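The values are calculated or read from the model by the stated rules, or taken from the named source; none is laboratory data. This one's a predicted model, so the numbers in the text were calculated from it and none came from an experiment. Reconstructed Cβ throughout: ideal geometry from the backbone, glycine too, with neighbour counts over all protein chains shown.
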Amino acid sequence: MSLANEFELLEKIEIKHPKKYKVYLLNDDYTSMDFVVDILITIFHKSYEQAEAIMLDIHKKQRGLCGVYTHEIAETKIIQVKKRSQKSGFPLKATMEEE
């Protein structure tokens, strides 16, 4: 294959980046604020200050953005939140939306 043909082939190949998804925690009347902060620190790797700010967003705006991830990672985070919440007896829910 000539160099010109290789460049022509490379021009036709379009690199697609994976779609990203925003993961939110949703407000409810039962989950403690301390539990939400703990989830944000342990599952979403937020600092205590970041976790507190997101928790207040959840409380005031009914949901708070926890992070933006690829589909598989976002899905995993949601499953982790569900399992920890159920184990602790809280109804905390996480959702994801395409960015």
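See the values below:
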item	result
Pick from the stretch 8-25, criterion surrounded by 10 or more Cβ atoms within 10 Å (Cβ to Cβ) and not aliphatic (A, V, I, L, M), ranking: modelled with the lowest pLDDT	E8
Selection from the stretch 38-59 of residues that are acidic (D, E) and farther than 19 Å from F90 by Cα	E49
Scan of the stretch 76-99 for residues that are under 15 Å from K22 (Cα atoms), in contact (Cβ under 8 Å) with a residue 24 or more places away in the chain and in a helix (DSSP H, G or I), ordered by number	K77, I78, V81
Some residue of the stretch 28-35 being of a type in the set (D, E), assigned to a loop (DSSP other than H, G, I, E, B) and farther than 15 Å from T95 by Cα	yes
Residue check for V37: within 13 Å of the chain's Cα centre (by Cα) and modelled with pLDDT of 95 or more	no
Tabulated pairs, the stretch 42-66, first closer than 16 Å to K77 by Cα, second assigned to a helix (DSSP H, G or I) and small (G, A, S), C-beta under 9 angstrom, 6+ apart or interchain	F44/A51; K46/A53; G64/A53
